[in-house]
Amino acid sequence: MSPKTILILGGYGSTGRLIADALLRETDCHLILAGRTLARAQTAAAELGSRVSALRADAAEPASLDAAMTGADLVVVASSTAPFAATIAEAALRAKADYFDLQYSTDKLKALRPLAERIAAAGRRFITDGGFHPGLPAVMVRHVAACFDTLERALVGSVIQEDWAGWDVGIGTMEELLNEFRDYQALEYRDGAWRGMNWLSAWKPVFMDFGPPFGRRACAPMFLEELRDLPALLPGLRETGFYVGGFNWFVDGLVMPLALAGMRIAPSRLLRPLARLMGWGLKRFSRPPFGTLLRIEASGLSGGKPHRFNMTVGHADGYVLTALAAVACLLQLLDGTLARPGLQLQAQAVDPDRLLRDLARMGARVDMHEEVSQ
């Protein structure tokens, strides 16, 4: 079988470039880096070597997408183009290519779901909500569930404490992040249903111990679509959710409340100034220790006895962790492990054990600690 051709939209960006680098190490695929600026794509392609070429593609221009996707077996969306999700997906269907994105966007999911029947009928595999956040929390829950006879509690927390001052993060990335505050849902699963925080729970945050160097932190719930069906898949599960540990005091205490209010009141008018404020606050006030990690705290029964299982997945660089999680999923897509056609979420589609093994093999930190009562 000849090597596959993979088109990476946003291939010269922070995450796209890292995905390209990992794919070159892990596969024999040919890569095409694409974006609105051909010169940047060409520079990145030349630096990566002979298996990489460059094209211009603009998500707002269907004709340019059609031209770029000609001959591609797989389209990877690593660009800040969530508003054009339907346009990109339609182009992938016309090109008879599979599809993968790592954007976190409620609007994106709303745009893709009406295409689900066409995707399945065409025999194409479309994987959405890739990367690590979303993308890994439900993978971690599915993995630890196999260690229990009955999994009763599984909380996944995150720390994203990065050296933002050292990164060239575009305004588009900040705008995409802030757009999610319009639909932010502070939901956690307890007492048989997904429930929002009330005034009492808001004053009693969930505390999670992330270990050195981050320690114990107060976390707030943040609903991810990949978690929705876990209670139905794991009937003994009584408590689960995803919880975020914040960025820094300025962003958490000032920018986030302003963003939550502003993106509901006047999103079109306030998006750009809030995005600039967010970017400035991340660069100005973020302090060491730096790193990105996810931690699951799970408990239940094994052999009729109480059982605990904790696991941490992380990396010193959040962009690298995002790229490695994406490539770990792409490896399963490329070799046919993810054979079922249709629209699927990464965390629900992958083999969780293999994905975690591949993450560790490629350089992510994966630590596990099990406690079984005697």
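None of the figures in this text is laboratory data; all of them are computed from the coordinates on show. These figures come from a predicted structure and were not determined experimentally. As a convention, Cβ positions derive from the backbone with ideal geometry for all residues, glycine included, and neighbour counts pool all protein chains shown.
Structure values in brief
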| quantity | calculated |
| --- | --- |
| D (Stokes-Einstein, µm²/s), Kirkwood Cα radius, region 45-147, 0.890 mPa s at 25 °C | 164 |
| Extension reserve of the ALA218-THR106 stretch, reckoned as 0.36 nm per residue once the Cα distance is removed | 37.8 nm |
| Quarter of Cα convex hull surface for region 4-97, i.e. mean projection, nm² | 5.1 |
| Normalised alpha carbon radius of gyration of region 227-267 [divisor 2.2 N^0.38 Å] | 1.77 |
| Lys, Arg +1 and Asp, Glu -1 on Cβ, resulting dipole of region 277-337 about Cα centre, debye, nearest 20 | 360 |
| Helix-only [θ]222 nm of the chain, DSSP H runs n ≥ 4, -39500 (n - 2.57) each, per residue, nearest 500 | -11000 deg cm²/dmol |
| Of all DSSP beta bridges in region 120-269, antiparallel share, percent nearest 5 | 65 |
| Degrees, to the nearest 10: 38-48 long Cα axis against longest axis of the chain | 70 |
| Full-extension gain in nm, ARG361 to TYR184, via 0.36 nm per residue minus C-alpha separation | 60.3 nm |
| Shape call, region 296-374: gyration tensor on alpha carbons, a/c limit 1.5 | oblate |
| Fraction of beta bridges assigned by DSSP in the chain that are antiparallel (%, nearest 5) | 60 |
| Contour minus Cα-Cα distance for ALA120 and GLU61 (0.36 nm per residue) | 18.7 nm |
| Cα Rg over Rh - the chain, Kirkwood | 0.96 |
| Relative contact order for the chain, counting Cα pairs under 8 Å that sit 6 or more residues apart, in percent | 20 |
| Debye, to nearest 20: dipole size of the chain, +1 on Lys, Arg Cβ, -1 on Asp, Glu Cβ | 540 |
| GNM flexibility winner over the chain from LEU136, LEU331, LEU258 (Cα, springs under 10 Å) | LEU258 |
| Cβ-placed point charges (K, R +1; D, E -1), dipole of region 257-366 about Cα centre in debye, nearest 20 | 600 |
